[in-house]
1. As an exercise: evaluate Ala263 against (1) farther than 19 Å from Ala325 by Cα; (2) surrounded by 15 or more Cβ atoms within 10 Å (Cβ to Cβ); (3) among the small types (Gly, Ala, Ser) and give the number of the one condition it does not meet.
2. Considering the stretch 276-295 alone, what residues qualify as being free of Cβ contacts under 8 Å to residues at least 60 places away in the same chain and surrounded by fewer than 21 Cβ atoms within 10 Å (Cβ to Cβ)?
3. How many residues are touching a Phe, Trp or Tyr at 6+ places or on another chain (Cβ under 9 Å) and either under 18 Å from Arg185 (Cβ atoms) or part of a loop (DSSP other than H, G, I, E, B) (or both) when one looks only at the stretch 592-601?
4. May I ask you to list the residues in the stretch 730-747 that are of a type outside the set (Phe, Trp, Tyr) and surrounded by fewer than 18 Cβ atoms within 10 Å (Cβ to Cβ)?
5. When both residues are 6+ apart or on different chains and their Cβ atoms are under 6 Å apart, which pairs have a first residue that lies in the stretch 665-685 and is within 15 Å of Ser167 (Cβ to Cβ), and a second that is assigned to a strand (DSSP E or B) and β-branched (Val, Ile, Thr)?
6. Does the stretch 538-557 contain any residue that is among the basic types (Lys, Arg), assigned by TED's automatic domain parsing to the domain that holds Asn609, more than 25 Å from Leu439 (Cβ to Cβ) and not in a strand (DSSP E or B)?
7. Among the listed residues Leu794, Leu722, which satisfies the condition of being of a type in the set (A, V, I, L, M) and under 30 Å from Ser651 (Cβ atoms)?
8. Between residues in the stretch 299-319 that are in contact (Cβ under 8 Å) with a residue 60 or more places away in the chain and under 30 Å from Gly289 (Cβ atoms) and residues that are of a type in the set (A, V, I, L, M, F, W, C) and assigned to a strand (DSSP E or B), which pairs lie under 7 Å by C-beta distance while being six or more apart or on different chains?
Amino acid sequence: MKIIFSAKVYFFLLLFSSLNMIGQQLGNINGKVSLSGNKPAGDVSVTLKGTKYSDVTSVSGHYEIKNVKPGTYNIIVKGVGIKPIENSVVVSAKQTTTKNFSLSESQEDLEEVVIKKNKYKQDKPSLSLRLQTPVLEIPQNVQIVSGQTLKDQQITSMSDGVIRNVSGAVRLEHWGDLYTNITMRGSQIQAFRNGFNVVSSFWGPLTEDMSFVDHIEFVKGPAGFMLSSGDPSGLYNVVTKKPTGVTKGEVSVIGGSYDFYRASIDLDGKLDKKGKLLYRFNGSAQNKGSHRAFERNNRYVIAPVVSYQIDDKTKITAEYNFQYANMTEVGSYYVFGPAAGGYATTPVGFTMTQPGLPDTNIQDHSGYLMFEHKFDENWKLSAQTSYFKYIQQGYSSWPGVVGPGPADRDFDGVPEGNLAYGDIIRNVGIWDAESNMYLGQVFVNGKFNTGSVTHKVLGGVDLGSKDYMADWGQSHDLDTPANPFNVYNPNYGTPSNGFPQFDHTTPLSVRAKAIGGLMSTEYAAGYIQDELGFFENKLRLTLAGRYTWISQASWGGDPISDSHITPRVGLSASIDENTSVYALYDQAFTPQSGIIRNGDKVKPLTGNNREIGIKRDWFDGSWSTTLSAYSILKKNELTGDPANTPGQQFSVVLGEKRAQGIEFDVRGKIFEGLNLIANYAFTESIVNEIDPAVSAATGINKGDIVPGYAKHTANAWLNYTLQHGKLKGFGASIGGTFYDGRQTDTWSAGLERLPSYFKLDGGLSYETGKIKVTANVFNILDKYLYSGSYYEWLSAYYWQTEAPRNFRVGVTYKF
C-alpha cells in the first residue's frame, strides 16, 4: 500500500511539474476594452479565433488571457449589441502582449440593447456577493431576478410576486406586505440587502419597495463564508440601484384594482463635467387598498446615491434608503374560523379588522458607505459599513377565543361563558418596536497564478451589532362574551368592549424590558476562500473556511456566546464552454432567538449542505438552465412549542432536521422576442432526530414532516414581443404558479389539509420610442386562493386570502 501511495504522489508531482514547465513557455495577452467617451466596456467577450482561449472583460473593461501557446492569432471582441472587432495579435513565449480596443457604442446604447436582447438572464453576480466568477462556473445554485423581470411583472415590493421567478420559494404564513418571510429548501431563508444580513428579529426587515431595487439574487445553500452568518437553506440578496454614469431618467405611474395608485421616478446622471461625481435618485409614492374592507398599505420611498471616482483606482459611494409605511394594524390579513368548519368558510373579501383602530406607522432607514480601491488589475479592496434603523408604532390583531365552546382560552385564562358557532372575541395588542443595526465588512479579491494553476482569492472580515426591542405586552379584547363578533354575521360598528387605550408614552426600552421584548446579537468573523483553476480553468476547486463568533440574547435573557469554524469545499468542471457540473459541501452557523420552557440555553443553529448540479447556457448564452439536487441537515433548530397557550413564546429544539430535494430553473431568451422564466422544485423536510423527552412533551416524533413548505412548486412566465411589422413593440405575457403538497406553518395539522394551488396571470404591453404601456391581470381564473394553518390551542383554522381577479395598468416614460 505504501509503494502504491508513493507512486501516486510521485505521479501527481511529476504531472504538476510538467504543467509548470509548460506554463513557463507560454505567453499572455491583456488589455482594456473601452466605449465611446473612454467608458469601460464590461461583460464583453474577447476570444482568440479558432481556439479555446478567451476571457470576459471585468467591470473596469479589462481582460486577460493566460497560458497561450506562442504564435499569431486573430483576436475577436464581441458582445450583446456590439459590432464584432477582429485584429491580429502576436504571442511570444514568457511575454505579455497588451492589446486595447475602442468601441463606437455608448454605455446607454448597450444597456438598451441588453434589455431588449436578454431581459431575464444575468450572467454575473453583484459585487455584494464578493465573487469574481460567472454564475455558470459557481459551484452553487444562484438565481438572479433581473430588474426587467420586476418591471414586466409589475412587481412593486419584495413580497409582491418575486418568488415566482425562483424554484422552490414559497410564502405560507406571512404578514401581508410588511415582512417577506420566504421559505426555501424547507426553512425560512435569510434576508440580505447589498450583502448585509438585515434580519434583526424573527419577523424580518420591512419588505423592500422595488423603486430602488436593481435586481435580486437568490443564493441556495449556506453562504456564511462570503456573507454574514446565514441559514443552511440560503438567502436572498436585494441589490439596490447605483449610478451608471449615463444621464437618463424614467417616470412611471401605475393604477389598478382596489384603489391602487403608484408613481415612481428614477434619475441617473453626472454632477460634474468629467463624470467623476455621479448620482442616482429613486423615489415613489403609493396608495394601496385591498380586496378586504378597511385595509390599506400606503408607502413613500426616497433613495439617493452619490459616488465619487477619486482616481482610476479608487471610488467612494454613499447611499441612503428611506421607506415609510402607513398601514392597517399588523394581522389584518388573517381570518379565523371554527375547527368544525375548516378553511375558507367566509367570502374572499371577508375581514375581522375593526374600523376605527389607529394605523400602524413604520419608518425604515438604511445608510451605506462603500470604499473600493484597485491596487492593480488583479487585486481589489472593498470596505463598506451600514446603519439600519427600524421604528414601528401601532397594533397587531389576533383572536383571544374562537367559538364554539367555553370562552376560557383567552389571555387572562378566566372562564367567560360559552360561545356560539363562529363567535370570536377579537383581541388587539400594542406592537411598538425599534431596531438598530451597525454592520461592517472589509474584503479583498485577488487573482494570481502558481505555474499553470490559477487562483481567485477572497478574504475578509465581518462585524455586526444588532438590537431589537418591542412592546407587545399590552392587549385589549374588542368584544365581550355577551356580545362577540361572529364571522358569519359580522358587525363592524363600535366594538362591544370599546377601543383600547395603550401606553405609548413610557419609553419603549422600559416597556420592552418589562415584558421580555429584547433581543440582541453581536458577531465577528473572518474568512478566506481560494478558487483554484486547473487545465486552463476547465476544472475549478473551491476551498474556503470561516471563523464566526456570536453572542446573542433573546427575550430579555442573558447573552449566550459561541464560536464555530465552517468549512466549504466546491468542485466545478466545464464540460465545454457552455456546460458545467458541480458538487458542493458546506456548513452554516447562525444564531437563534427563543426561550425553552425548561430553561435550557438556546444554542446556535448549525447545518451542512451537500449538493450536486449541472448548469448550461444555450444558443450562445441566450438562455440558461440549472438542475440541482441537495440534502441539508440542521441541528439545534428551534420551532414553536405546540403546547404554547396565548401570549406564550416558548420554543422546542427539534434535534436534527433533514431537508432534501431537486430544483430546476430555466431563464432567458429562447429566440428573438420570446423570453421565458420557468422552474420546478421537489422539497421534502422531516424530523431526523429528536430527544425522547421533547417528543413525549410535544407529540413531535422522528419522521414527522416539518411544517412550512410546499412539496411541489412550479412556476412559469412567458413573454413575447413582436420584432417587426406595424405592430412592432406589441407584447403579450402569460404566467402561472402551482403548489401541491402544501404544509401548514404549525405542527397542529388539523383535520383538513391545504388544497393544491394554481394561479394564472397574464398581460399585454406596447413600447414605442420612449413610452411603454404595460397592463397585467392577476388571478385570471378568479380562484379563491389562500394559505393558512390550524392552531390547536384555539381549536381554529386561520387563512389569508389573495385578491380575486384584479388588474394593473402602467405607463413608463424614459428621458
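1. (1)
2. Lys276, Leu277, Tyr279, Phe281, Ala285, Asn287, Gly289, Glu295, listed by residue number.
3. 3
4. Those that are of a type outside the set (Phe, Trp, Tyr) and surrounded by fewer than 18 Cβ atoms within 10 Å (Cβ to Cβ): Ala732, Ile734, Asp740, Gly741.
5. Sorted first by the residue in the stretch 665-685, then by its partner, the pairs are Asp665/Thr626; Val666/Thr625; Arg667/Ile677; Leu676/Ile670; Ala678/Val666; Ala681/Thr713; Phe682/Ile662.
6. yes
7. Exactly one of Leu794, Leu722 is of a type in the set (A, V, I, L, M) and under 30 Å from Ser651 (Cβ atoms), namely Leu794.
8. Pairs found: Arg299/Ala325; Val301/Phe322.
The values are calculated or read from the model by the stated rules, or taken from the named source; none is laboratory data. The structure displayed is predicted, hence computed values, not measured ones. Here the Cβ is made from the backbone with ideal geometry for all residues, glycine too, and neighbour counts use every protein chain on show.
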